[in-house]
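Enquirer: Just passing along the structure, written as structure tokens.
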Amino acid sequence: MSDALTSLTIAQAAAKLAAGETSSVELTDAHIAAMEAHRDLNAFITETPDLARARAAESDARRASGDARGPLDGIPIAMKDLFCTEGVLTTAASHILDGFTPTYESTVSRKLREVGTVMLGKANLDEFAMGSANVTSYYGPVKSPWKAADGKDRVPGGSSGGSATAVAANIAMAATGTDTGGSIRQPAAFCGIVGLKPTYGRCSRWGIVAFASSLDQAGPMTKTVEDAAIMLSAMAGYDPMDSTSADKPVPDFAAALTGDIKGLKVGIPIEYRVEGMPYEIEEAWQKGVEWLKDQGAEIVEVSLPHTKYALPTYYIVAPAEASSNLARYDGVRYGLRVEGGDLTEMYEATRGEGFGAEVRRRVLIGAYVLSAGYYDAYYLKAQKLRTLILRDFTDAFDKVDVLLTPTAPSAAFAIGEKMDDPVAMYLNDVFAVPASLAGLPAISVPGGLSSEGLPLGLHLIGRAFDEETVLRAGQALETAAGFTARPAGF
Amino acid sequence: MTYLIQGDDGDWEVVIGLEVHAQIVSNSKLFSGASTAFGGAPNSHVSLVDAAMPGMLPVVNRVCVEQAVRTGLGLNAKINLHSVFERKNYFYPDLPFGYQISQFQHPIVGEGVVTLDMPDGSVREIGIERLHMEQDAGKSMHDQDPKRTFVDLNRAGVALMEIVSKPDLRSPEEVGAYLRKLRSILRYLGTCDGNMEQGSLRCDANVSVRPKGSTELRTRCEIKNVNSVRFVMQAIEFEAERQVDIYDAGDTVDQETRLYDATTGETRSMRSKEEAHDYRYFPDPDLLPIDLSQEYVDKIRAALPELPDAKKLRFIDDYGIAPDDAGVLVAEQETAAFFEAVADGRDAKLAANWVIHELFAVLNKSGLDIDESPVSAESLGKLVGLIADNTISGRIAKDVFEIMVAEGGDPEAIVEEKGLKQITDTGAIEGEVDKIIAENPGQVEAYQGGNEKLIGWFVGQVMKATGGKANPKMVNELLRKKLS
Amino acid sequence: MALDEATVRSIAKLARIRVADDDLPGLANELNNILGWIEQLNEVDTDGVEPLTVVGDAQTPMRQDVVNDGDIRDDVLANAPDAEPEFFTVPKVVE
């Protein structure tokens, strides 16, 4: 019975709730049981079962009095622990935010709460969302529910690794993620779920612990494209408290899922055929091309000449912004304080102990590329590259409606791999980062399994504020792929 | 009036540039909805944004931008339609974000000019380099606890304008005149209340010296946060002499930040700031650029009040008052308005005299501002009118004014009630004149013998006899006639 | 532009992050690897290209000048590690 409840999609659960075939309390209890049964995955930093049951009961009461708030009312979800949640510990998976309990609720989590979702807990992530394997969390690595033939634990991807694992393991019906340079899409690909990074500015950043302000964007991680559309409609919208929030109407994204992609022009960027790309990635990509073509899309080769520079550009821009955004963690107003003899010692001890190795690396790189004498060579250069990368996309979207690429250059790797080589780790996001730099919407949809039996993702990038086309094409891929594989034991 | 410092081998000139931090008049802070009011309980005027809580984001205050543009226009400066907020990164307990949101490469206001009328009648034009918006810091209190510094963030995030002059100032007097003029312009514009004691106007001075006649710029020292015009002038005087002494001794001046100590009148090195800063400025990615339209700027320009320079010219032209007096009257908008009300339809020069001399004396003595004046502009105007139409003499007017200050009341009523009307009846005055001449034959003889100064004594006698009410001019004329 | 240990130490100082002396060589090596990889950007001619700071062409929204926040001292101080009833505190600063 409870397996049946935890395997539902949002759309299915909403129908059952509406028909009175189940209740939010029942759904929530089933998911809480799953959360407790799979603690070994370490998908959550904080579980909030009492809060969840209370909100589920409220949802059922609303429904009983005819005040249900739509398809998300009563749906149990996981909240990436980068969203500040009122009265609930918020850590960003960092030691430096020890004990931090916000007195406020982020705009996105508030919106989700207002439409009736039930928060199960705060999902694990890479520290400050810096990572591609969810191995940098102060609270320990997250395991993917997927195992390869070798039986070794696999990374869920990152940084939204806890969110991806929770959804893939049927612990949460959906989850929130944030994506700065692939942090929704890459873990979605690794865990065989759908992950959507909306256009920069589509969802408010207010109340989300900042990593890199010009790139950070919240988005849904779900079992299906339809669920992603439902979640996005609730998460998106103009927020006057975020100066970079886009003052644009929010369409009914689910309504865009017409299933019709006839005549859609799909671009295949030739520069994404990178050297040394595993054959199975190439093969999955080619399958995606065929699937879209079969449904009436027109396939066009396009060139994005500056693609190879996107990742190094990102590794200047994001650390630079992060080095400044993370300056506020100084032991004075919240979180960890490690005492020292004087003020400077207190700062250095607090930040030295409070930040993990990857965060430290990025903060130092960021401080360096902004420092006197290096600003032009690094930061300004990167900003100019960003212009060229955006221009590549603008030119491509003169010719096509959407771009199709692989989400990641490989399937999930074993926990512990690539730990000693930051650059090798960074390369995970080589396909995800260009869209981040250009602020474009992009989705990862499961496209099949690798030879080792691990999920592979297909990636669609759309025009700014055209999530509708991205979702419609994503659903076309989803339908054709017919991805029904489940991790063993889930 | 060149200000020079005598060194061992010749005269030295001082080169000064000022960075003035002016708190923008606004209800709420530059990037949050917390109050800017002074005197709140510690950490009460603080929002989650001001405390840099995780995930909090800045949104710029419309009025602060408008005030910066208005100030730029008041300084005859170029308004940059495109400007950018940047982050200035450094760690300090009163800086919650770990960076100050400021403007660096693209300030909202570019070059402008402030005109100074110096006491010797010369006119100096001081260049404005730029004006930019930035956040104020909070307050650290070091004396509340033996081991800890306490932090109050009430001021953190309050909007400031940093107004940077070119190194055009050459003496403490020019610095004083510049600061007073700047304050006057800001107050006219309503963009800063100019209160140095409360810290809404703060000044850092960059000071260097060079041999007279040279055009080089030598190493400068920055004197921080001096909180009165007088102290700034003293600090510069001390600092310039200190630097000349260093050069005279064959040493070189170190570029450093120095603090002025008002109790000793000296500047001293600020050790804690000696560490080289690397502020790592970069555009704040939480804020988009500010792009203004020319129409927006023109609209603000059209609504600017008449500023001190224009008002002064008008006072000279329309009222015929002396430039110095006009300068005094326009320094404060309230004074100028008070004067215009007094002078309305009356003898403007007389009105100016009464405001500047009699009224200011009373105000200074009692430490009152013009808007707290015990005598209203309307009443003072009536008094001026009574003098001008010869109803009372200037001397009687002073008595009436004293009554107005002490007890209030309408000057016309006071004059009526106390019977102070001037005697202009020739017959009445003639009677007194004849009487005095008859009673003082000795003085008459002396006067007629050539001691013409005695006329004053005769006038005094007649005035005394009439209780000061006789028209002095008529008394004078009658006496001269009858004594000749 | 290889970073030596002294430079890493001074950047760490700038960022107020204590790094143990033993960690410096390894850290310098990691940072140099990253920076070396980043330097491929020098292949691209960016003369005359405008830098991009934020995507989108919108201009910054502006708030009305109203006091609608503050007076939440308890919230502001709620998470402070060593707060007095009314203040944040830090180790004594000597000016």
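The values are calculated or read from the model by the stated rules, or taken from the named source; none is laboratory data. Small disclaimer: the values here were computed from a predicted structure and weren't measured. Counting neighbours? That spans all protein chains shown, and the Cβs are built from the backbone with ideal geometry, glycine included. Surface accessibility is based on the protein's heavy atoms, side chains included, excluding ligands, DNA and RNA. Shrake-Rupley method; radii C 1.70, N 1.55, O 1.52, S 1.80 Å.
Enquirer: Karplus couplings for segment C:65-78 from phi (6.51 cos²θ - 1.76 cosθ + 1.60, θ = phi - 60°), rounded to Hz, Gly and Pro as x?
Expert: Values, residue by residue: 7, 10, 8, 9, 8, x, 6, 10, 4, 4, 5, 5, 8, 3 Hz.
Enquirer: For chains A and B, what's the summed buried accessible area, probe 1.4 Å, to the nearest 100 square angstrom? Please list the in-between numbers first.
Expert: Working: alone 17610 and 23960 Å², together 38840 Å².
By this definition, chains A and B bury close to 2700 Å².
Enquirer: So for chain C, taking the charge dipole from beta-carbon charges (+1 Lys/Arg, -1 Asp/Glu), which of C:Leu24, C:Gln64, C:Thr46 sits furthest toward the positive end?
Expert: Comparing the listed Cα positions along the dipole, C:Leu24 ranks first.
Enquirer: Using 1/(1 + (r/R0)^6) with R0 = 22 angstrom and r between the beta carbons of A:Asp342 and B:Gln144, what's the FRET efficiency to the nearest 0.05?
Expert: 0.80
Enquirer: For A:Gly448, what residues show an amide H to amide H distance below 5 Å, using hydrogens built from the backbone and excluding near sequence neighbours?
Expert: A:Leu456
Enquirer: For the protein assembly as shown, build the convex hull from the C-alpha positions and give me its volume per residue in Å³.
Expert: Working: hull volume 234.0 nm³, N = 1069.
Output value, Cα hull per residue: 219 Å³.
Enquirer: With axes computed from alpha carbons, what is the tilt in degrees of helix B:394-407 against the longest principal axis of chain B, rounded to the nearest 10 within 0 to 90?
Expert: Roughly 50 degrees, rounded to the nearest 10.
Enquirer: For chain B, what is the relative contact order in percent, using Cα pairs closer than 8 Å and at least 6 residues apart in sequence? It would help to have the intermediate numbers written out before the result.
Expert: Working: 852 pairs, mean separation 66.6, N = 484.
Over chain B, the number comes to 14 percent.
Enquirer: Summarise the partner chain shielding of B:87-100 as one whole number: the mean count of Cβ atoms from other chains within 10 Å of each residue's Cβ.
Expert: 6
Enquirer: Between the alpha-carbon centers of segment A:413-437 and segment A:33-83, tell me the distance in whole angstrom.
Expert: First find each Cα centre; the distance between them is then 32 Å.
Enquirer: Something else about it: Mind running the shape call on chain A? Use the C-alpha gyration tensor, a ≥ b ≥ c as the square roots of the eigenvalues: rounded below 1.5 for a/c, prolate if a/b tops b/c, oblate otherwise. Working shown, then result.
Expert: Details: a/c = 1.44, a/b = 1.04, b/c = 1.39.
Since a/c stays below 1.5, the shape of chain A is classed as rounded.
Enquirer: List the relative contact order of segment A:197-241 as a percent without decimals, with contacts defined as Cα pairs under 8 Å and 6+ residues apart.
Expert: The value is 45 percent.
Enquirer: I would also like to ask the following. Using only Cα atoms, locate the centre of segment B:90-107 and the centre of segment B:152-215, then give the distance between them in Å, rounded to an integer.
Expert: If we compute the Cα centre of each part, the gap is 20 Å.
Enquirer: Moving to a separate point now. Can you pick out the pairs among A:Lys16/A:Lys248; A:Lys248/B:Lys299; A:Lys197/A:Lys399; B:Lys311/B:Lys398; A:Lys16/A:Lys152 whose Cα atoms lie more than 26 Å from each other?
Expert: Working: A:Lys16/A:Lys248 33 Å; A:Lys248/B:Lys299 29 Å; A:Lys197/A:Lys399 22 Å; B:Lys311/B:Lys398 29 Å; A:Lys16/A:Lys152 38 Å.
From the list (A:Lys16/A:Lys248; A:Lys248/B:Lys299; A:Lys197/A:Lys399; B:Lys311/B:Lys398; A:Lys16/A:Lys152), the Cα-Cα distance tops 26 Å for A:Lys16/A:Lys248; A:Lys248/B:Lys299; B:Lys311/B:Lys398; A:Lys16/A:Lys152.
Enquirer: Provide the solvent-accessible area of A:His38, counting protein heavy atoms only and rolling a 1.4 Å probe, rounded to the nearest 10 Å².
Expert: 40 Å²
Enquirer: Treating the angle as unsigned and between 0 and 90°, give the value, to the nearest 10°, between the Cα long axis of helix B:426-439 and the longest Cα principal axis of chain B.
Expert: 70 degrees
Enquirer: Right, next: Quick one: go through segment A:242-282 and flag any residue whose amide nitrogen is under 18 Å from the point 7 Å out along the Cα-to-Cβ line of A:Thr479.
Expert: A:253-266
Enquirer: Under the classification rounded if a/c is under 1.5, otherwise prolate if a/b is larger than b/c and oblate if not, where does segment B:343-484 fall, given a ≥ b ≥ c as square roots of the Cα gyration tensor eigenvalues? Intermediate results must be reported in sequence, preceding the final value.
Expert: On the way: a/c = 2.70, a/b = 2.30, b/c = 1.17.
Prolate, because a/c is 1.5 or more and a/b exceeds b/c.
Enquirer: Tell me, how many Å apart are the Cα centres for segment B:361-375 and for segment C:1-76?
Expert: Cα centroid of segment B:361-375 versus Cα centroid of segment C:1-76: 56 Å apart.
Enquirer: What residues of segment A:1-36 lie in the reach of a label at A:Ala64, counting those whose backbone N is under 17 Å from a point 7 Å from the Cα along Cα→Cβ?
Expert: A:17-29
Enquirer: Turning to a different aspect of this structure: Shape of segment B:93-148 from its Cα gyration tensor (a ≥ b ≥ c, root eigenvalues): rounded if a/c is under 1.5, otherwise prolate when a/b > b/c, or oblate?
Expert: The shape class here is oblate.
Enquirer: Using a 1.4 Å probe on the protein chains only, how many percent of the accessible area of the protein assembly as shown belongs to carbon and sulfur?
Expert: On the way: 19100 of 39790 Å².
Taking all protein chains in place, the protein assembly as shown shows 48 percent carbon and sulfur surface.
Enquirer: Positive end of the dipole of the protein assembly as shown, charges at C-beta (+1 Lys, Arg; -1 Asp, Glu), about the Cα centre: which of B:Ile79, A:Ala34, B:Pro323 has its Cα farthest in that direction?
Expert: Farthest towards the positive end: A:Ala34.
Enquirer: Lys/Arg Cβ at +1, Asp/Glu Cβ at -1, dipole of segment B:426-483 taken about the Cα centre: which of B:Met474, B:Trp457, B:Val444 is farthest positive-ward?
Expert: B:Met474
Enquirer: Please compute how much accessible surface disappears when B pairs with C, both sides summed, using a 1.4 Å probe, and round it to the nearest 100 Å². Kindly include the intermediate steps, with their values, before the conclusion.
Expert: Working: alone 23960 and 9590 Å², together 29530 Å².
That pair of chains buries around 4000 Å² in total.
Enquirer: What span do the alpha-carbon atoms of segment A:273-396 cover on each of the three principal axes, reported in whole Å from largest to smallest?
Expert: 69, 31, 27
Enquirer: In debye, nearest 20, what is the charge dipole magnitude of segment A:308-383 about its Cα centre with +1 on Lys and Arg Cβ and -1 on Asp and Glu Cβ, if you could check?
Expert: Values: 9 positive and 9 negative charges, 80 e Å.
The calculation lands at about 380 debye.
Enquirer: Sticking with this one: May I ask you to compute the full-extension gain from B:Lys166 to B:Glu306, defined as 0.36 nm times their residue separation minus their alpha-carbon distance, rounded to one decimal in nm? Display every interim value, and only then the final one.
Expert: Working: separation 140, 0.36 × 140 = 50.40 nm, distance 2.51 nm.
Residue separation times 0.36 nm, minus the Cα-Cα distance, leaves 47.9 nm.
Enquirer: Rounded to the nearest 10 Å², what accessible area does A:Asp67 have for a 1.4 Å probe in the complete protein model?
Expert: About 90 Å², ignoring ligands and nucleic acids.
Enquirer: Would you please state which residues of segment B:45-80 a label at B:His106 would reach in this model, taking the label point 7 Å out along Cα→Cβ and a backbone N cut-off of under 15 Å?
Expert: So the set is B:79-80.
Enquirer: Work through the residues other than A:Pro249 whose Cβ is under 13 Å from its Cβ and net out their charges, Lys, Arg +1 and Asp, Glu -1. Please report the intermediate quantities before stating the final value.
Expert: Numbers: positive: A:Arg202, A:Lys248; negative: A:Asp247, A:Asp252, A:Glu467, A:Glu468.
Charge balance in the 13 Å sphere: -2.
Enquirer: Pairing the Cα long axis of helix B:377-388 with the longest principal axis of chain B, what angle in degrees results, from 0 to 90 and rounded to the nearest 10?
Expert: 30 degrees
Enquirer: Where does the longest stretch of chain A lie that holds no GluC sites (Glu not before Pro) found in a DSSP loop with 16 or fewer other Cβ atoms within 10 Å? Walk me through the intermediate numbers first.
Expert: Working: sites that count: A:Glu21, A:Glu86, A:Glu275, A:Glu339, A:Glu417, A:Glu452.
Longest run free of exposed loop sites: A:87-274.
Enquirer: Another question, then. For segment A:2-258, calculate the relative contact order in percent as a whole number, restricting contacts to Cα pairs under 8 Å that are 6 or more residues apart.
Expert: Values: 642 pairs, mean separation 46.5, N = 257.
Over segment A:2-258, the number comes to 18 percent.
Enquirer: Using a simple charge model, +1 on the beta-carbon of Lys and Arg, -1 on the beta-carbon of Asp and Glu, nothing else, what dipole does the protein assembly as shown show about its Cα centre, in debye to the nearest 20?
Expert: Values: 103 positive and 160 negative charges, 241 e Å.
About 1160 debye.
Enquirer: Under unit Cβ charges (Lys, Arg +1; Asp, Glu -1), what dipole magnitude, rounded to 20 debye, does chain B have relative to its Cα centre?
Expert: Details: 52 positive and 78 negative charges, 79 e Å.
Dipole size: approximately 380 debye.
Enquirer: Taking both sides together, what accessible area is buried at the A/C interface, probe 1.4 Å, expressed in Å² and rounded to the nearest 100?
Expert: Working: alone 17610 and 9590 Å², together 22130 Å².
Separately minus together, A and C give about 5100 Å² buried.
Enquirer: Going down the table (A:Lys265/A:Lys287; B:Lys349/B:Lys421; A:Lys80/A:Lys143), which pairs top 27 Å between alpha carbons? Could you put the intermediate results ahead of the total?
Expert: On the way: A:Lys265/A:Lys287 17 Å; B:Lys349/B:Lys421 22 Å; A:Lys80/A:Lys143 15 Å.
Check vs 27 Å cut-off fails for no pair.
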